[in-house]
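Remarks on the structure that follows.
Nothing in this text is a laboratory measurement; each read-out follows from the coordinates by a stated rule. Small disclaimer: the values here were computed from a predicted structure and weren't measured. Glycine also receives a Cβ, built like all others from the backbone with ideal geometry; neighbour counts cover every protein chain displayed.
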Amino acid sequence: MRHILALLAPLIVAACFDPVHSDRVDALGPEAPGVRRGPLHRPGQPCTVCHGGDGPGSPTFAIAGTAYESRDSLGPLVGGVVWLVDEQGRSYGMSTNEAGNFWAGENDFTLSFPLFASVELEGEVVDMVTPIFRARSCAECHVDPPGPGSLGHVFLRAGP
Amino acid sequence: MIFCFNAHGKSAAPVVALTLMLGACSAPPSGERSKFAVPPREGFEPVSDLLQARCGSLDCHGQTGRSLRIYGTNGLRLDSKDLSGLDGGVTQAAEHDANYASVVILEPEILDRVVRDAGRNPERLTLIRKARGAEVHVGGSASPAGSAGDVCLTSWLAGVLDVAACQSGQVFERPAPR
C-alpha cells in the first residue's frame, strides 16, 4: 500500500499544480507598499487572474476591472458605475471604489458574451466601442501604456 | 555554421555535416512548390473588416499567439508604431494582407478543395465550423450559419463575395437594457 501511495503522490501533486496559472499570478508582482490586500489593491491589474476561481484570490469574480477618470492620467474614477449589457438586454452595474476598482461576484451576474460595456459618472456616459467577447478582466486588453496590442486603461473622458 | 562538441571536447562537426548532407538529399528539388487554390486576395478587405469585428478583438484572435491572428484598427496592430483602438484609426493595407495570409494558411489542403468546389460544403474548414459554433469554440458562434458574417465568409470562398453581408456583419447592435 505504501508503495502505491509513493508512486501516486507525485501524480497527485502534479495534478494540483498549474504552472501556467502560477506564472500568471507571479507575474503580477507583490502588493504595492502601504496597500493592504483588499478591494483597493492592485488597480489596473487583471483581477480574475487571482479572483477567477483558480485562486489564490477570494472571492471569485465573474468580471472585474479598474476605471480611471481620463485617458491621460491615472486618477481613479471614484463613485462611478460600469455597466454591462448582454445581447438579451440583461444589464448589471458595478460601482467603482476609491481605487477605481469594480467587480461582479460570480453569482451576481451570469455572463453571456458578447457583453457591451459603458462607464458612467453622474450622468456622463461613455460606451465601449467594441463588445467584450470572452475577457473577464478589463486589464486583459486595457493595459498601459497604449500600444499595438494594448488599449491603455479604461477611462471616462478622452481629455484631462 | 554550428559547431558541436561531445563530452570529451572533440568536435562533432563531421557528424553535423553528415546529418546536414543526409537532410539535403531528402529535401524536395529546389524551386518545386505545392500549389493550392485560394480565394483571391483582391477584394478581401470587406472580409478582413468582418473578421476584425467578429473575431479580432484583443481578447480573442487579436493576439500574437493565435494561429488565426487578426489585425485591425480596434485590435492588434501589425506596425509597432500604430495604437490599438486609436480614435479615427484605419486598418492598414499590410494588416489586410496579414489577415488574408492568416486565413489561407490555416488549412491549405482543405481550402484548396473548398475553393475548387466553388465554395460548396465550406464547413469542411475549421474556420467556418468554429465561427458557426458547430465546433467547440471559446468565442462561441461568432457568425452563426446564415448570418451576415457567415454569408460574407462563404460567399468569399465561393468566389462571389457578398460585400453587403460583410458590411452588415460588422455591425453589433448595442441592446437596450431591460
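For chain A, what does the relative contact order come out to in percent, with C-alpha contacts under 8 Å and a separation of six or more? All intermediate terms of the calculation are to be shown ahead of the outcome.
Values: 295 pairs, mean separation 35.1, N = 160.
That works out to 22 percent.
Treating each Cα of region B:39-110 as an identical point scatterer and summing with the Debye formula, the log10 of I(q)/I(0) at q = 0.26 Å⁻¹ comes to -1.23.
Going by how many other beta carbons lie within 10 Å of each one, how would you line up B:Thr126, B:Thr64, fewest first? Each step should come with its number before you reach the end.
Details: B:Thr126 16, B:Thr64 9.
Ordered from fewest to most neighbouring Cβ atoms within 10 Å, B:Thr126, B:Thr64 come out as B:Thr64, B:Thr126.
3J(HN,Hα) couplings calculated from phi for region B:47-59 with the Karplus curve 6.51 cos²θ - 1.76 cosθ + 1.60 (θ = phi - 60°) are, in sequence order, 5, 4, 5, 5, 4, 4, 5, 8, 10, x, 5, 5, 8 Hz; Gly and Pro show x.
Would you work out if region A:87-126 is rounded, prolate or oblate? Take a ≥ b ≥ c from the square roots of the eigenvalues of the alpha-carbon gyration tensor; rounded if a/c is under 1.5, else prolate when a/b is larger than b/c, oblate otherwise. In terms of gyration-tensor shape, oblate. Here the calculated FRET efficiency for A:Arg2 and A:Asn107, from their Cβ-Cβ distance with R0 = 51 Å, stands at 0.75, rounded to the nearest 0.05.
Once the other residues with Cβ under 13 Å from the Cβ of B:Val151 are scored (Lys, Arg +1; Asp, Glu -1), what is the net sum?
Result for the neighbourhood of B:Val151: 0.
Modelled label positions at A:Ser95 and A:Val25, each set 7 Å beyond Cα in the direction of Cβ, lie 3.0 nm from each other. Derived scalar couplings between HN and Hα for region A:35-48 equal 10, 6, 5, x, x, 9, 8, 6, x, x, 8, x, 4, 7 Hz in order, rounded to whole Hz, by the Karplus curve 6.51 cos²θ - 1.76 cosθ + 1.60 (θ = phi - 60°), x for Gly and Pro. In sequence order, region B:133-141 has phi-based couplings of x, 7, 9, 3, 8, 4, x, x, 8 Hz under the Karplus curve 6.51 cos²θ - 1.76 cosθ + 1.60, θ = phi - 60°, and Gly or Pro positions carry x. For region B:73-166, what is the relative contact order in percent, using Cα pairs closer than 8 Å and at least 6 residues apart in sequence? Relative contact order, region B:73-166: 17 percent.
Please go through region A:74-160 and write out the GluC sites (Glu not before Pro) that DSSP classes as loop and that have at most 15 other C-beta atoms within 10 Å. Spell out each step's value before the answer.
On the way: sites: A:Glu87, A:Glu98, A:Glu106, A:Glu120, A:Glu122, A:Glu124, A:Glu140; in loops: A:Glu87, A:Glu98, A:Glu106, A:Glu122.
Here the sparse-neighbourhood loop sites are A:Glu87, A:Glu98, A:Glu122.
Roughly what % of Cα-Cα distances in region A:4-160 sit above 24 Å, to the whole percent? Of all Cα-Cα pairs in region A:4-160, 37 percent lie more than 24 Å apart. The modelled label-to-label distance between A:Arg134 and B:Thr126, using points 7 Å beyond Cα along the C-beta direction, is 1.3 nm.
Here the average projected area of the convex hull drawn through the C-alpha atoms of region A:47-123 stands at 5.6 nm². All distinct Cα pairs of the protein assembly as shown go into the 1/r average, and the inverse of that average, the Kirkwood radius, is 23.2 Å. For A:Phe102, A:Phe109, A:Phe17, the sequence from fewest to most other C-beta atoms within 10 Å is A:Phe17, A:Phe109, A:Phe102. A cut-off of 5 Å between modelled amide H atoms, ignoring neighbours fewer than 5 places along the same chain, links A:Gly147 with A:Gly152, B:Ser84.
Measuring how big region B:55-178 is from its alpha-carbon positions, Rg and Dmax come out at 15.0, 48 Å.
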